[in-house]
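Comments concern the structure below.
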Amino acid sequence: MPDQRLTSRGAATYQRILDVATQEFAEHGIAGARIERIVAAARTNKAQLYGYFGSKEGLFDAIFHGSLERIVNVVPIDGTDLADWAVRLYDEYLRRPDLIRLATWARLERRPAGHLVED
């Protein structure tokens, strides 16, 4: 999120951008996603989007890292019961197919080998 504190309207706009862009990136990938479609669907403008995220790549990074954090929080790994963890992870991916699609696009368009994230 931006460094400065957002008003309630600003926070709502920020969240709309994230929600719309998540679907846009999941459907079209990084290269195929269009900022024009995102700002139109989010009812905002390019200046606002770039003010929050800096670039299209910055927007993807915010969404992708947020999705990784969400998975870790919603489906925490349990080393004592890996089978149950795998089932819960699978179920979450069924509920939110955009999460796995974002990881797939990151693999295809950014890091074809190695870890998906540096840290």
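The values are calculated or read from the model by the stated rules, or taken from the named source; none is laboratory data. Just so we're clear, the structure is a prediction, and the values are computed from it rather than from any experiment. A quick note on method: Cβ atoms are made from the backbone with ideal geometry, for glycine too, and the neighbour counts reach across all protein chains shown. Ligands, DNA and RNA are excluded from the accessible area calculation, which covers all protein heavy atoms including side chains. Shrake-Rupley method; radii C 1.70, N 1.55, O 1.52, S 1.80 Å.
Which of the residues spanning the range 5-55 are polar (S, T, N, Q) and either over 17 Å from the mean Cα position of the chain (by Cα) or over 22 Å from LEU108 (Cβ atoms) (or both)?
Step one: list which residues in the range 5-55 are polar (S, T, N, Q), which gives 7-8, 13, 15, 22-23, 44-45, 48, 55.
THR7, SER8, THR13, GLN15, THR44, ASN45, GLN48, listed by residue number.
Can you pull out the residues in the range 2-29 that are under 20 Å from ASP98 (Cβ atoms) and either part of a loop (DSSP other than H, G, I, E, B) or free of Cβ contacts under 8 Å to residues at least 12 places away in the same chain (or both)?
Our first condition is that a residue be under 20 Å from ASP98 (Cβ atoms); within the range 2-29, this holds for 14-29.
Within the range 2-29, GLN15, HIS28 meet the criteria.
Consider THR7 carefully, then state whether it is of a type in the set (Ser, Thr, Tyr) and open to solvent by less than 40 Å² (accessible area, probe 1.4 Å).
Working: of a type in the set (Ser, Thr, Tyr): yes; open to solvent by less than 40 Å² (accessible area, probe 1.4 Å): no.
In short, no.
Test of understanding: among GLU109, GLU92, GLU118, which residue is farther than 16 Å from ASP19 by Cα and in contact (Cβ under 8 Å) with a residue 40 or more places away in the chain?
On the way: GLU92 fails: in contact (Cβ under 8 Å) with a residue 40 or more places away in the chain; GLU118 fails: in contact (Cβ under 8 Å) with a residue 40 or more places away in the chain.
Exactly one residue qualifies, and that residue is GLU109.
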